[in-house]
Structures are given as C-alpha cells and as structure tokens.
Amino acid sequence: MTGSYPHIRLRRTRATSWSRSLHRETRLDPTDLIWPLFVTEGLGIEDPIGSLPGVSRWSVDGIAARAKEAIALGIPCLALFPHTQAERRSEDGREALNPDNLMCRAIRAIRDAAGDAIGVLTDVALDPYTSHGQDGLIDDAGYVLNDATVDVLVGQALNQAQAGADIIAPSDMMDGRIGVIRAALEGDGHANVQIMSYAAKYASAFYGPFRDAVGSSGLLKGDKKTYQMDPGNAEEALREVALDLAEGADSVMVKPGLPYLDIIRQVKDRFAVPVFAYQTSGEYAMIEAAAAAGAGDRDALVLETLLAFKRAGGSGVLTYHAAHAARLLGA
Ligand code: PBG
C-alpha cells in the first residue's frame, strides 16, 4: 500500500459481521419507535388508505388490538389521529372538545386493553375537526387566528388528558400554546402528562397522504405557510425549540424527518433535550414507491432511514413503519 499512513486501515474493523457490530456507534431498537395510527368510526373496521399502502384506518376495537400488538413488539408508544366524519366537522372544529369524540374513545379503549403498558400520544391541532382543514380558527380572509385558536387548543388538550392521554403533542404551530397548555394541565390535575411539542414543523410537501388519511385533503384550501415553518430556515427552528422548552415542553419534534436531519442535529447539540423525528406520510409513501418500483430493498430502506434519525441525534422516531421495523429488529 502506498500513501503517508500505510498502516491505517479503516476497513480493518469492517471486515466481519461481529466486528461491525462491535464498532457500531448508533443502534436502532423497537423502543425508539412511536407508531402513528388512524382511528375511524365503526366496529371491526380496517379501512386501507390508498396513498399509504399498507396503512389502514382502524375502528376503536382495532386500535386496542394494535396496542397489544405494539406491546408484544416492544414499541413503547402510539400516536393517534382521528378520521372524523364529515358531518362532525365544523368551521370552529368544536368536535375536538367533545369528551366522546373518536380520539377520546380510542384513548380509553387502549387503557382498557393495555393499562399503563403503552404510552398514548395525542395530536393537538384542529385540522381533523374543521370543515376547512386548517389547524386553527380562520377569519373571513381565511387567515388562521393565533390567540383564538390557542384558546380552543387548550380545551382540546384538556379533553385528551382527561380521557387518559400520556403525551400531548401540539402540532398546530400557533405561538405561545405550549405555556398555556402546560399551565392548564397543571391546573386540571395532570402534572405528569407530558408535552411533546412539534416545535420545528415545516410547511412541507411530505404531508399529503396524512391529509387523505384524516380526511382533510379534499377540504383544505390553500396551504399552511402562515403558521408552519419555511423549509429554508434553521435558525428559526432553534428559536421555536427554545421558546417551547422555556414554556414547558418535555420534548420536541422535528418534522418532516429525513430532509431535516440537520435540524435534528442542531437541536440536539444546542439544547441537549429529547428530540424526536417524524418520518411523515410522504416519506413513508416514497419508500414504499421506491421498493415497489424495484429501486431499493424495502426492509433495508426502512431500517437505514430509521437508523439515520438516531445517528443525527434523535431520541426516537414516529414512523408508519414502526410495527414492520420492530418485527425486523426482533427477528
Ligand atoms: C396536523 C398534522 C399533520 C401531520 C401531523 N399532524 C398534517 C399537517 O400539518 O397538515 C402530518 C403527518 C404526516 O404527514 O405523516 N396538524
């Protein structure tokens, strides 16, 4: 061998499987995963979502069954999203405050089936409940109002906590909502209910299939750029995170995932707090499409992308591949 350092061979430690294991810096484990699930009305329903091949909406009984499946796979937490019937949607999204809404019934069903053996994370934002598909209340021009929306989000968060949610996850991107929700949780006897803030959530093209899944894609006019972040901004993400932590968030999220690994790393380096990645519906669909087109091996794509979130500094990942990945990791 030629060169100045003939004895340095980085390939030495890569030569065998046992040595690669020994030198692996980052590992992926089922306990890193949060499994997002879509809830629908009815009994015994599994309703496949066209734009998310392999993902279905489940009726509440099916959600309870998924909770047991997740526990068996070692997945510590579920994230719930409701597919609200069109007739229950309204301009003001008031169904979010109904103690018997789909979300609350799903939370209670998981508790009945699994007790405290699994965590339940619930999304706080009005888009599954509004007739216009925006995350908040709008004025006549369609602009999403900040403070009026926060008032409703507080009620939504309390409604979820009262039903038994463990982690409240505001995904709405209104200013100031974390502090107000934290105070309301404390005041209502939920001191141990956590807040995982969608702190750095970008106005992204990777949410399309999700909007199909919750039934808001046909309703949404325009976009969410007046509240979700500009994809060009990183400093602003750090400001968002700083504010949410100051207001009382226990952990923060960066979303989407793979195109924003740099943000995960910067958040981790700057704040040293638990930071979670959301591998969004569009990212999931992209992997499935690539695999279906023969452009890559599905299992390998899944495990490599999920591992990348850990390497970037992520504490865990919300992913629609959670059950599949956990099975692969357990095998
Ligand atoms: C709702 C919400 C969205 C997602 C999570 N919560 C969609 C949006 O903001 O339009 C996206 C999740 C995904 O694409 O998988 N505020």
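Brief remarks follow.
- The packing ranking, built from the mean of other Cβ atoms within 10 Å per residue, places the peptides 295-301, 10-16 in the order 295-301, 10-16, highest first.
- Counted by Cβ distance under 13 Å from LEU80, the other residues give a net charge of +3, where Lys and Arg count +1 and Asp and Glu count -1.
- For the range 32-330, the alpha carbon positions stretch 48, 46, 38 Å along the principal axes, listed from largest to smallest.
- Calculated FRET efficiency for the pair GLU235/ASP112, C-beta based, R₀ 51 Å, to 0.05: 0.65
- The loop-placed GluC sites (Glu not before Pro) in the range 5-57, going by DSSP, that have at most 10 neighbouring Cβ atoms within 10 Å of their Cβ come out as GLU25.
- In summary, the lysines within cross-link reach of LYS68, defined as a Cα separation below 28 angstrom excluding same-chain residues under 8 places away, comprise LYS255, LYS310.
- For the range 186-264, with all protein chains in place and a probe radius of 1.4 Å, 49% of the accessible heavy-atom surface sits on carbon or sulfur.
- In this structure, the amide hydrogen of PHE276, modeled 1.01 Å from its nitrogen in the peptide plane, lies closer than 5 angstrom to those of VAL252, MET253, VAL254, SER315, counting only residues at least 5 positions away or on a different chain.
- For the range 144-276, fraction of C-alpha pairs farther apart than 18 Å, in %: 56
- Carbon plus sulfur fraction of accessible area for the range 75-170, probe 1.4 Å, in percent: 49
- Sites listed here are chymotrypsin sites (Phe, Trp or Tyr not before Pro) in the range 155-210 whose DSSP assignment is loop and whose Cβ has at most 13 other Cβ atoms within 10 Å, and the list is empty.
- Spin-label model, ILE8/ALA289: points 7 Å from Cα along the beta carbon direction are separated by 4.2 nm.
- Simple spin-label estimate for ALA300 and ASP269 gives 3.0 nm between the two label positions (7 Å along the Cα-to-Cβ direction from each Cα).
- Summed over the residues of the chain and divided among them, the accessible surface reaches 44 Å² per residue at a probe radius of 1.4 Å.
The values are calculated or read from the model by the stated rules, or taken from the named source; none is laboratory data. It should be emphasised that the depicted structure is a prediction, and the values quoted were computed from it without experimental measurement. Please note: Cβ atoms are built from the backbone with ideal geometry, for glycine as well, and neighbour counts cover all protein chains shown. Ligands, DNA and RNA are stripped out before the accessible areas are found, and what is left, the full protein with its side chains, is counted by its heavy atoms. Shrake-Rupley method; radii C 1.70, N 1.55, O 1.52, S 1.80 Å.
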